[in-house]
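J.: Okay, handing you the structure first.
The values are calculated or read from the model by the stated rules, or taken from the named source; none is laboratory data. For clarity, every value in this text was computed on a predicted model and none was experimentally measured. We place every Cβ from the backbone using ideal geometry, glycine too, and count neighbours over all the protein chains shown. Surface areas here come from the heavy atoms of the whole protein model, side chains and all, with no ligands, DNA or RNA. Shrake-Rupley method; radii C 1.70, N 1.55, O 1.52, S 1.80 Å.
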Amino acid sequence: KQEVTQIPAALSVPEGENLVLNCSFTDSAIYNLQWFRQDPGKGLTSLLLIQSSQREQTSGRLNASLDKSSGRSTLYIAASQPGDSATYLCAVKNNAGNMLTFGGGTRLMVKP
Amino acid sequence: NAGVTQTPKFRVLKTGQSMTLLCAQDMNHEYMYWYRQDPGMGLRLIHYSVGEGTTAKGEVPDGYNVSRLKKQNFLLGLESAAPSQTSVYFCASSYSIGAEAFFGQGTRLTVV
């Protein structure tokens with residue numbers, strides 16, 4: 001059974017800092033990996049989708065990398081802003097099955 | 001551009017009552033999903049559908065039923081609500097099995 005872990009569970013940084021959020025998964029037979037953002041009391045907003053054949057994806061100040069063989073993905077946020085404060089979730093889609101398996105999330109606070 | 005819309009946003013039920021949660025998407029997506037999000041448990045898949053007229057069980061299906069009579073709608077039913085079903089429910093959709101998933105804003109359900 002696929003298990004997804006996100007470390008750290010919470011992170012507080014000053015504005016302007018570059019930061020890395022980590023996601024690890026136990027079964028490397030994945031189809032793709034998706035990073036989401038969730039604001040308090042809100043739904044999930046898709047940030048980046050990386051297919052298993054890709055190494056990274058970029059969108060603005062966000063860069064996600066994928067190392068399938070080692071079961072790891074990182075989300076890099078450049079020049080963090082208070083508006084980046086949210087919970088970040090990663091989710092993997094296995095080759096078999098139809099579901100996304102989610103990590104527990106990293107709660108990010110960017111202080112002005 | 002509505003995306004995925006969930007109705008209602010909040011609901012309080014008494015134990016034993018029934019209700020239906022409605023999910024509507026306007027992106028012509030084939031795949032639709034119902035997840036629940038609980039503190040410490042993350043997001044878990046309840047049921048999903050791979051197309052109009054189809055449904056399948058996810059990770060935690062007990063106590064729920066679903067229907068997909070129209071491609072754009074996916075209904076989640078609770079026949080006899082229990083306090084253990086207190087949760088935030090999210091609907092999601094995707095164009096295909098490995099495509100980006102889009103989530104609704106969630107329904108916060110409390111069963112007393």
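J.: Counting only protein heavy atoms and rolling a 1.4 Å probe, how much accessible area do A and B lose on contact, total for both sides, in Å² to 100?
T.: Protein heavy atoms only, the A-B interface buries about 1500 Å².
J.: Let me ask something additional. Taking all protein chains as present, what is the carbon and sulfur share of the accessible area of the protein assembly as shown, in % to the nearest whole number, probe 1.4 Å?
T.: Heavy-atom surface of the protein assembly as shown belonging to carbon and sulfur, 1.4 Å probe: 51 percent.
J.: Using heavy-atom solvent-accessible surface (probe 1.4 Å) with all chains present, what is the largest-first order of B:Val60, A:Val110?
T.: Final ranking, largest accessible area leading: B:Val60, A:Val110.
J.: Taking θ = phi - 60°, what integer Hz values does the Karplus form 6.51 cos²θ - 1.76 cosθ + 1.60 yield along segment A:64-75, in sequence order, with x for Gly and Pro?
T.: These are the phi-based 3J(HN,Hα) values: 10, 10, 9, 10, 5, 5, 9, x, 9, 9, 10, 10 Hz.
J.: Grab the alpha carbons of segment B:13-112, take their convex hull, and tell me the volume per residue in Å³.
T.: Cα-based convex hull of segment B:13-112, divided per residue, equals 90 Å³.
J.: Kindly state, to the nearest 0.05, the FRET efficiency for A:Ala96 paired with A:Gln54, given R0 = 35 Å and r defined as their beta-carbon distance.
T.: 0.95
J.: What does the accessible area of A:Phe102 come to, in Å² to the nearest 10, when a probe of 1.4 Å is used?
T.: Taking all protein chains as shown, A:Phe102 has close to 20 Å².
J.: Over the Cα atoms of the protein assembly as shown, Rg to Rh with Kirkwood Rh, two decimal places?
T.: My calculation puts Rg/Rh at 0.97.
J.: Just to check, using Stokes-Einstein with a Kirkwood Rh over alpha carbon pairs, what's the diffusion coefficient of segment A:39-106 at 10 °C and 1.306 mPa s in µm²/s?
T.: This corresponds to a translational diffusion coefficient of 119 µm²/s.
J.: Now a separate question. Kindly point out, ordered by number, any Cys in the protein assembly as shown whose beta-carbon has no other cysteine beta-carbon under 4.7 Å away.
T.: none
J.: Given the whole protein assembly as supplied and a 1.4 Å probe, what does the accessible area of B:Thr55 come to in Å², nearest 10?
T.: 70
J.: State, as an integer percentage, the relative contact order of chain B based on alpha-carbon contacts under 8 Å between residues 6 or more apart.
T.: That works out to 36 percent.
J.: Okay, next question. Using a loss threshold of 50 Å², tell me which positions in segment A:15-45 are less accessible in the complex than in their chain alone. Probe radius 1.4 Å, ligands and nucleic acids ignored.
T.: A:Leu44
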